[in-house]
1. Give me the extension gain from THR291 to ASN233: residue separation times 0.36 nm, minus the current Cα-Cα distance, reported in nm with one decimal.
2. Which of the helices in the chain, when you take each full DSSP H run, stretch at least 27 Å along the axis at their Cα atoms and have an average Kyte-Doolittle score of 0.5 or higher?
3. What size of dipole, in debye to the nearest 20, comes out for region 54-145 about its Cα centre when the only charges are +1 on Lys and Arg C-beta atoms and -1 on Asp and Glu C-beta atoms?
4. Of PHE218, GLY282, MET179, whose Cα points farthest to the positive end of the dipole of the chain (charges on the beta-carbon: +1 Lys, Arg; -1 Asp, Glu; origin at the Cα centre)?
5. Taking Rh as the Kirkwood radius computed over C-alpha pairs, what is the Stokes-Einstein D of region 78-227 at 20 °C in a medium of viscosity 1.002 mPa s, expressed in µm² per second?
6. Within the set of other residues whose C-beta is less than 11 Å from the C-beta of ARG264, count the net charge using Lys and Arg as +1 and Asp and Glu as -1.
7. Taking 51 Å as R0, compute the FRET efficiency from the Cβ-Cβ separation of GLU106 and THR210 and round it to 0.05.
8. Out of these labelled values of percent of Cα pairs over 32 Å apart, [x] 31; [y] 36; [z] 26, which was calculated from the coordinates shown here?
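The values are calculated or read from the model by the stated rules, or taken from the named source; none is laboratory data. Everything numeric in this text was worked out from a predicted model, so none of it was measured. Here the Cβ is made from the backbone with ideal geometry for all residues, glycine too, and neighbour counts use every protein chain on show. Heads up: the accessible areas ignore ligands, DNA and RNA and are worked out on the full protein's heavy atoms, side chains in. Shrake-Rupley method; radii C 1.70, N 1.55, O 1.52, S 1.80 Å.
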Amino acid sequence: MTTRPRIGFVGLGTMGGPMARRLVASGYDVAGHDPSPDRARQAAAGVAPAASPAEAAKTADVVLSSLPDPAAVHQAYLGPDGVLSTARPGTVLVDMSTIDPDTCREVAAAARTGGVDCLDAPVSGGPVEAGNGKLVFLVGGDAAVLERVRPLLLTLGTELHHIGPLGSGLVVKIVNNMMSMANVAVAAEAMVLGVKAGVDPQRLFDILSTSGGRSHHFLKRFPNVLAGDFTPNFSIGLSRKDVSLALAMAARLEMPVPLASTVRQVYEAAHAQGFGQLDMAGVTRLYEQWTGVAVRGAAARDDAKPGTG
């Protein structure tokens, strides 16, 4: 019988917490760390608490991380109490964060000097998929290293796409999220315009959801908009970060991206108006504030107050 690898998990938030709990429920020993004591407590359910990324990695065969931005990844791996201060030769590091490829390659270069292997493996899916093993992994790195952790990743996901060399998974994730943010922003704009022009919000959604302009995120998120539910499965704050990663990558490649630049300004405006902690579909609140109409179904309409936080 094959011994399961010991897991260190860094980042126990919206995505990392459900993933860590699923691994424990699947029979893995998991030591987890999160900078937020509250998130660390919420992740409990069999996850052994670790006081630092270094402690989480100390006895791990595989270290997984799910962190909000490049600075957090840099600190978690390269900081004084970072993963690389204790990771042993032969350990595999799998970062599932959405960050820039350059940060990923910097961590991998430092890890290589200690005989530690790295993969970038950003995911497609939300907290529900993270908890029920339905994520999609976009993996960059050496194919042989991926094979060593394939059974582990298939505990968390249904699909593994090996894109190519280290950093290539992140490229695909960044352009995917660039499309997603644009889809949501234009859907918010279209819905509010239609309602402002006099169409019932629910009727408008029902028709658009079977028409050519629909998208995955329109179908997934806008029923929540109609219900006035902006619980952040993926926040406006994270949306700002991901569109910014796309713009930075485009700048390095000297490629104009005028549409993405405009989309970023929509999310920046929503953040500036205090909507940063709402779900990405909360950009609808910005348009509601501008127009004085509410995109709500009949049940939620009486409670909707356009322009409030």
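1. Gain on extension, THR291 to ASN233, equals 18.3 nm.
2. 168-196
3. The dipole magnitude comes to about 200 debye.
4. About the Cα centre, the residue reaching furthest to the positive side is PHE218.
5. This corresponds to a translational diffusion coefficient of 121 µm²/s.
6. 0
7. Working from the Cβ atoms, E equals 0.65.
8. Only one listed value fits the structure, namely [x].
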